[in-house]
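Asker: If you scroll down you'll find the structure; I have some questions about it.
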Amino acid sequence: MDFLQNLAHGMGVAMSPINVLLCFAGCMLGTLIGVLPGIGPIATIAILLPLTFGLDPTAALIMLAGIYYGAQYGGSTASILLNIPGESSAVVTALDGHEMARQGRAGIALGISAIGSFVAGTIATVVIAALASPLASLALVFGPAEYFALMLTGLAFAVLLARGSVFKAIIMILIGVLLSTVGPDLTTGQLRLTFGAVWLADGIEIALLGMGLFGIAEVFRSLEHGEARQVKQTQIGRLLPGPDELRAAAKPILRGTLLGSILGILPGNGAVLAPYASYTLEKKLSRTPGRFGRGAIEGVAGPESANNAGAQTSFIPLLTLGIPPNAVMALMVGAMTIHGIVPGPQIMTKMPDLFWGLIASMWMGNLMLLVINLPMVGLWVKLLNVPYRLMFVGIVIFCCIGVYSINSEPADILIMAALAVFGYALSKFNFEPAPLTLGFVLGRMMEENLRQALMISRGSFLTFVERPIAAFFIVLAIVMLVVGILPSIRRGRDEVFVD
Amino acid sequence: MSLLKRDAQGPHPAIRSPQNFVAGAFLIVAAAFVVWMLSGLPQGTLRTMGPAMVPRWTAIGIGIGGAVLVVLSFVKEGEALERWQLRGPIFVLASLVIFAAMIRSVGFLVAAPLSMLVAGFGSREVRPVELAIFTVVMTVFCAVVFRGLLNQPLPMLILPALSIQF
């Protein structure tokens with residue numbers, strides 16, 4: 001029960017008044033931006049990231065964790081009230097959540113999603129605490145070849161998860177890897193693909209990618225339809241579910257938590273899969289599957305819990321192996337690097353305050369959402385009533401401020417603009433930006449590990465086959481790619497949305 | 001089979017998936033451009049990889065992917081090109097350029113309202129008076145929150161003639 005002691009130590013760190021305040025501020029701001037339609041957690045964190053630069057490392061990460069959970073909650077609010085999911089995982093919440101809102105049960109849907117998220121967050125926190133040490137010691141036997149193979153598996157998994165064409169997803173990953181090579185070569189320091197421009201000499205910030213591809217590009221897309229959406233005098237109603245509703249939601253919450261916790265640990269953004277998996281499972285287990293899509297509370301409780309548990313356990317690959325499994329975690333890496341922290345197995349031993357404080361603050365962030373943020377739902381609804389013709393102007397200026405605050409570099413705003421045009425073009429040609437971000441996130445690390453692995457093996461690719469762990473991951477990656485191409489499985493995955 | 005069906009309806013175009021064709025062609029051109037840009041950098045050997053190794057082979061991979069898309073566009077039925085709505089992007093991009101150009105030279109209190117005013121016209125439903133009020137409110141709000149409360153390094157107003165800079 002060593003980890004419980006550590007967790008208690010972490011609580012001590014996270015509970016200091018200033019950290020509690022920062023966590024709360026993070027939750028509030030995260031919800032404020034995250035609730036804006038079309039702005040998912042990636043763009044939200046990218047916009048708010050600079051706010052944490054001035055803080056000490058522990059406080060900064062605690063505030064970021066607050067922002068993250070706030071952003072998640074804001075996203076759920078937007079998809080329940082407006083049926084505009086900010087990110088793909090909120091799509092599932094919108095199915096039954098929005099239906100509940102139309103029946104005048106918006107409050108219950110929001111309430112159960114906050115309660116489910118809190119339960120999921122609590123359990124996932126314990127899971128992280130329990131798994132962190134063993135996984136970190138496992139990471140110590142990993143060499144460059146194993147790391148490279150593991151990241152390859154992550155990318156293969158991302159291809160498997162991508163919606164639409166598998167082939168296009170692979171191209172997206174390659175483009176992401178290519179974008180990650182812009183800037184200095186880490187070994188020789190030679191500049192690559194910078195057009196000789198000083199402002200590209202450090203490469204492209206992941207935050208710019210987040211705001212360009214997911215923030216501004218979404219504004220472009222939304223402006224096409226004009227003022228279609230409105231919060232139609234939605235009655236929020238009571239927030240706290242009654243005993244019957246709680247009983248109906250209890251098991252879905254627990255099952256969702258379990259699913260989400262497991263999927264979140266996988267490299268390659270398995271967390272994205274969690275809400276879909278949970279929704280499918282609940283529909284299969286239900287005695288009355290016909291209610292799903294017509295405002296079934298299980299269809300909100302399960303996926304929301306799964307989503308939150310997955311969001312939380314996706315910290316595990318980052319904190320133990322140093323591999324960010326998705327764009328959100330890559331932003332966390334960005335924040336850590338600014339404070340001189342290199343994510344990886346050494347954090348736990350070298351900076352126990354930071355490590356356990358962060359993990360404890362995840363739980364605290366969830367509690368904040370439930371106790372403080374949920375009652376303020378009226379405020380967020382008011383915000384959603386702002387017509388889009390004004391709201392997008394706000395989104396644009398938030399992105400400008402966010403970008404400028406990172407490096408005080410106006411040219412970064414132009415890079416973001418270029419990425420936004422690119423993102424808009426991607427949607428016009430039915431390419432999905434999510435695999436691109438993962439390729440971008442892992443690209444640099446993969447290059448470095450590949451280089452080191454080949455240096456050790458004297459240029460022989462056999463090293464990836466001779467080393468058993470590496471070989472295992474390579475085989476896994478190939479299996480996943482094959483599975484991704486098999487049509488029957490792809491059909492099964494799309495079935496969730498039928499009827 | 002599908003080929004016959006099409007012929008029955010009339011002459012079918014050579015390119016059956018314009019979307020894939022354009023995307024593929026673009027990828028080929030972009031990949032070629034990247035390879036050309038990298039031409040001055042050493043690739044190294046597998047044992048000691050040079051700076052150009054990964055980007056070059058990634059670009060070649062993208063080029064091959066583009067070629068496959070182009071070939072597929074002749075073989076497989078696909079979607080037509082989607083329409084681009086230019087109004088939104090043009091105004092928003094202009095507003096981004098304005099913000100980038102002015103934030104350092106005149107400061108946030110001028111750059112923000114100006115760029116917001118321009119961005120607002122990206123919506124077909126723009127109402128100028130409402131927009132003007134909104135930009136003023138937002139400028140004050142952002143100045144108070146980001147500079148005042150959160151202490152972000154945003155230059156607020158720079159007027160060299162009056163030697164104002166804060």
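Asker: Filter the range B:73-85 down to the residues that are at the interface with chain A (Cβ under 10 Å from one of its Cβ atoms) and free of Cβ contacts under 8 Å to residues at least 60 places away in the same chain and list them by number.
Answerer: Matches in the range B:73-85: B:Arg83, B:Trp84, B:Gln85.
Asker: Moving on to the next point. Of all the residues that make up the range B:122-148, how many are touching a Leu at 6+ places or on another chain (Cβ under 8 Å) and aromatic (Phe, Trp, Tyr)?
Answerer: Looking only at that region, the number is 2.
Asker: Now for a different question. Restricting attention to the range B:92-101, which residues are buried (at least 20 other Cβ atoms within 10 Å of the Cβ) and more than 7 Å from every other protein chain (Cβ to nearest Cβ)?
Answerer: Selection gives B:Ile98 alone.
Asker: Give the residue that is modelled with the lowest pLDDT, with candidates limited to residues of the range A:15-56 that are closer than 28 Å to A:Leu131 by Cβ and more than 22 Å from the chain's Cα centre (by Cα).
Answerer: The extreme case among them is A:Met15.
Asker: Cβ contacts < 6 Å: first residue closer than 14 Å to A:Ile397 by Cα and at pLDDT 80 or above, restricted to the range B:140-156; second residue of a type in the set (S, T, N, Q) and assigned to a loop (DSSP other than H, G, I, E, B), any location; separation 6+ or different chain. Result?
Answerer: Listed pairs, sorted by first residue: B:Phe146/B:Gln152.
Asker: Quick one: count up the residues across the range A:422-435 that are in a helix (DSSP H, G or I), touching a residue at least 12 places away in the same chain (Cβ under 8 Å) and either hydrophobic (A, V, I, L, M, F, W, C) or more than 7 Å from every other protein chain (Cβ to nearest Cβ) (or both).
Answerer: Total meeting the criteria: 7.
Asker: Also, I was wondering about something else. Residue check: is B:Val70 within 8 Å of chain A (Cβ to nearest Cβ) and assigned to a helix (DSSP H, G or I)?
Answerer: Judged against the criteria, B:Val70 is not a match.
Asker: Run B:Ser123 past the list (1) part of a helix (DSSP H, G or I); (2) more than 30 Å from A:Ser457 (Cβ to Cβ); (3) at the interface with chain A (Cβ under 7 Å from one of its Cβ atoms); (4) among the hydroxyl-bearing types (Ser, Thr, Tyr) and report the number of the one that doesn't hold.
Answerer: Failing condition for B:Ser123: (1).
Asker: If you scan the range A:404-415, which residues turn out to be assigned to a helix (DSSP H, G or I) and either on the phi > 0 side of the Ramachandran plot or at the interface with chain B (Cβ under 9 Å from one of its Cβ atoms) (or both)?
Answerer: A:Tyr404, A:Ser405, A:Pro410, A:Ala411, A:Asp412, A:Ile413, A:Leu414
Asker: Residue by residue through the range B:102-114, note down the ones that are crowded, with 18+ Cβ neighbours inside 10 Å and facing chain A (nearest Cβ under 7 Å).
Answerer: Passing the criteria: B:Ile103, B:Ala112.
Asker: Let me ask another. Of (1) within 22 Å of A:Leu223 (Cα to Cα); (2) more than 14 Å from chain B (Cβ to nearest Cβ), A:Trp363 satisfies all except one. Which?
Answerer: Failing condition for A:Trp363: (1).
Asker: Spot the failing condition for A:Val396; the list is (1) within 14 Å of chain B (Cβ to nearest Cβ); (2) surrounded by fewer than 21 Cβ atoms within 10 Å (Cβ to Cβ), and only one is missed.
Answerer: Among (1) within 14 Å of chain B (Cβ to nearest Cβ); (2) surrounded by fewer than 21 Cβ atoms within 10 Å (Cβ to Cβ), the lone unmet condition for A:Val396 is (2).
Asker: Within the range B:50-67, can you find the residues that are closer than 12 Å to A:Ile171 by Cβ and more than 8 Å from chain A (Cβ to nearest Cβ)?
Answerer: Hits for the range B:50-67 are B:Gly63, B:Ile64, B:Ala67.
Asker: While we're on this one: Determine whether A:Phe118 is more than 23 Å from A:Gly302 (Cβ to Cβ) and modelled with pLDDT of 85 or more.
Answerer: Criteria not met by A:Phe118.
Asker: From the list B:Pro89, B:Pro13, pick out the single residue that is more than 7 Å from chain A (Cβ to nearest Cβ) and either under 23 Å from A:Ser427 (Cα atoms) or assigned to a loop (DSSP other than H, G, I, E, B) (or both).
Answerer: Just a single option satisfies the conditions, and that option is B:Pro13.
Asker: Something else now. Here are A:Thr153, A:Thr93, A:Thr125, A:Thr181: which of them is at pLDDT 85 or above, of a type in the set (Ser, Thr, Tyr), surrounded by 21 or more Cβ atoms within 10 Å (Cβ to Cβ) and touching a strand residue (DSSP E or B) at 6+ places or on another chain (Cβ under 8 Å)?
Answerer: After ruling out the rest, the residue left standing is A:Thr181.
Asker: Looking at the range A:40-67, which of its residues are closer than 25 Å to A:Lys350 by Cα and either in a helix (DSSP H, G or I) or in contact with a strand residue (DSSP E or B) (Cβ under 7 Å, 6 or more places away or on another chain) (or both)?
Answerer: Selection gives A:Leu49, A:Thr52, A:Pro57, A:Thr58, A:Ala59, A:Ala60, A:Leu61, A:Ile62, A:Met63, A:Leu64, A:Ala65, A:Gly66.
Asker: Now for a different question. A:Met445: modelled with pLDDT of 85 or more, facing another protein chain (nearest Cβ under 9 Å), surrounded by 18 or more Cβ atoms within 10 Å (Cβ to Cβ) and part of a helix (DSSP H, G or I), yes or no?
Answerer: In short, no.
Asker: Something else: I'd like the full set of residues that are over 20 Å from A:Ala43 (Cα atoms) and outside any helix (DSSP H, G or I), limited to the range A:373-386.
Answerer: A:Asn385
Asker: For the range B:108-115, does any single residue satisfy the condition of being touching a Gly at 6+ places or on another chain (Cβ under 9 Å), in contact (Cβ under 8 Å) with a residue 24 or more places away in the chain, outside the structural domain of B:Ser17 (by TED's automatic domain parsing) and not polar (S, T, N, Q)?
Answerer: So far as the range B:108-115 goes, no, none of its residues is touching a Gly at 6+ places or on another chain (Cβ under 9 Å), in contact (Cβ under 8 Å) with a residue 24 or more places away in the chain, outside the structural domain of B:Ser17 (by TED's automatic domain parsing) and not polar (S, T, N, Q).
Asker: Also, I was wondering about something else. Does any residue in the range B:38-49 that is farther than 23 Å from A:Phe195 by Cβ and at the interface with another protein chain (Cβ under 9 Å from one of its Cβ atoms) come within less than 6 Å, Cβ to Cβ, of a residue that is in a loop (DSSP other than H, G, I, E, B) and not hydrophobic (A, V, I, L, M, F, W, C) six or more places away or on a different chain, and which pairs are these?
Answerer: B:Leu46/A:Gly459; B:Arg47/A:Arg458; B:Arg47/A:Gly459
Asker: Give the residue, chosen from B:Val68, B:Val75, that is modelled with pLDDT of 90 or more and of a type in the set (A, V, I, L, M).
Answerer: After applying the criteria, what remains is B:Val68.
Asker: What helices (runs of 4 or more DSSP H), lying completely within the range A:273-371, carry at least 2 residues that are aliphatic (A, V, I, L, M) and either free of Cβ contacts under 8 Å to residues at least 60 places away in the same chain or closer than 22 Å to A:Val13 by Cβ (or both)?
Answerer: A:273-285, A:327-338, A:346-350, A:352-368
Asker: For the range A:451-466, enumerate the residues that are within 10 Å of chain B (Cβ to nearest Cβ), assigned to a helix (DSSP H, G or I) and of a type outside the set (A, V, I, L, M).
Answerer: Within the range A:451-466, A:Arg451, A:Gln452 qualify.
Asker: Only one residue in A:Val159, A:Val127 is touching a helix residue (DSSP H, G or I) at 6+ places or on another chain (Cβ under 9 Å) and farther than 18 Å from A:Pro345 by Cα, so which one is that?
Answerer: A:Val159
Asker: Is it the case that some residue within the range A:298-307 is under 20 Å from A:Leu110 (Cβ atoms) and surrounded by fewer than 24 Cβ atoms within 10 Å (Cβ to Cβ)?
Answerer: No, that holds for no residue.
The values are calculated or read from the model by the stated rules, or taken from the named source; none is laboratory data. Computed from a predicted model, the values in this text were never measured in an experiment. Neighbour counts run over all protein chains shown; Cβ positions are idealised from the backbone, glycine included.
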